[in-house]
Every structure is written in structure tokens, then in C-alpha cells.
1. Inside the stretch 108-120, can you point out the residues that are in contact with a strand residue (DSSP E or B) (Cβ under 8 Å, 6 or more places away or on another chain) and within 23 Å of ALA48 (Cα to Cα)?
2. Provide a single number: the residues in the stretch 97-127 that are part of a strand (DSSP E or B) and in contact (Cβ under 8 Å) with a residue 24 or more places away in the chain.
3. Kindly indicate whether any position in the stretch 75-84 is in a loop (DSSP other than H, G, I, E, B), under 24 Å from PRO31 (Cβ atoms), touching a helix residue (DSSP H, G or I) at 6+ places or on another chain (Cβ under 6 Å) and touching a residue at least 24 places away in the same chain (Cβ under 8 Å).
4. Out of (1) at pLDDT 95 or above; (2) out of contact with any Phe, Trp or Tyr (no Cβ under 6 Å at 6 or more places or on another chain); (3) under 14 Å from ALA81 (Cβ atoms), the odd one out for GLU18 is which?
5. Please go through the stretch 94-133 and pick out each residue that is closer than 18 Å to ALA83 by Cβ and basic (Lys, Arg).
Amino acid sequence: MNPYNVDHVAIAVHDLDEAIERHRSLFGAEPQWRELVAEQGVEEAMIAIGGSYIQLLAPTGQDTPVGKFLERHGEGIHHIAYAVTNIEEALIELKNQGAHLVDETPRTGGRGAKIAFVHPATFAGTLVELVELPHE
């Protein structure tokens, strides 16, 4: 599995509008995408920084994964996402190498991407997301 880019670093926030405004006022950054990803229980905004993004994540409820994360840890970095060309192959390779997968099959995330998570126990306590963007 060879990631070709850091797709994004995700930051969990309580208030998405406030976090967007903070990035706008501090960095002059505007979101390129903003969408509700109901299956993930989040509303997200993607802000381009160089060749990668900062993903701001706000939960749609307290009982969602990001809602539970915020309750336990407060606002802050939630995960790092690596872009891959073939997520199915990447998951097989990681599993064969002993990685603990949260998702053994991809699901749909923001931007219509295929995504899958790798358990934090695999990468020094860091939740890792694999992202395969849709082909244009």
C-alpha cells in the first residue's frame, strides 16, 4: 500500500460555523466543500491547504462517533487521512500485515470518496483513514 498524498487532517469541532469562521479570519481560508455525511453522522467542511485539506467535522448528534470523541477528548485532531489509488487492495495488504481494521470493506464518505478506517492501535494511537477519491 503506497499512499500518494496526505488527503486531510480531520479536526473534530462542536460548532462547524464557528470553526469555519475561525479559519476564515485567521488564515483567509474558505471551505471548498461543505456537506452533511449522514451515514457518518457528521457535517464536514474541507479547507484546502497546499495539496491537502483540513477537514472540520461536527457531529450530527452526541451518539455518533465524532460526538462520542468530543465528549471524551474535546475538540482537536480526530484522524489523519491518506489518499490511495485502490482502497480494496490497500485494505487487503494492511490486513495481511496484521493491521487492525475498523472497516474491512470501504464505505462512502464526503466528496463521494470510498473510505475506510484503520484502528488507532495500529498507528501509535492515531486513527487513520484511507481515502480513494472518485475518478473524474
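The values are calculated or read from the model by the stated rules, or taken from the named source; none is laboratory data. Everything numeric in this text was worked out from a predicted model, so none of it was measured. Counting neighbours? That spans all protein chains shown, and the Cβs are built from the backbone with ideal geometry, glycine included.
1. Within the stretch 108-120, THR108, GLY109, GLY110, ARG111, ALA113, LYS114, ILE115, ALA116, PHE117 qualify.
2. 7
3. yes
4. So GLU18 meets the others, but not (3).
5. Across the stretch 94-133, the qualifying residues are ARG107, ARG111, LYS114.
A quick yes/no check of all residues on (1) touching a Ser or Thr at 6+ places or on another chain (Cβ under 9 Å); (2) surrounded by 13 or more Cβ atoms within 10 Å (Cβ to Cβ); (3) among the aromatic types (Phe, Trp, Tyr):
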position: MET1; (1), (2), (3): no, yes, no
position: TYR4; (1), (2), (3): yes, no, yes
position: VAL9; (1), (2), (3): yes, yes, no
position: ALA19; (1), (2), (3): no, yes, no
position: GLU35; (1), (2), (3): no, yes, no
position: LEU56; (1), (2), (3): no, yes, no
position: PRO59; (1), (2), (3): no, yes, no
position: PRO65; (1), (2), (3): no, yes, no
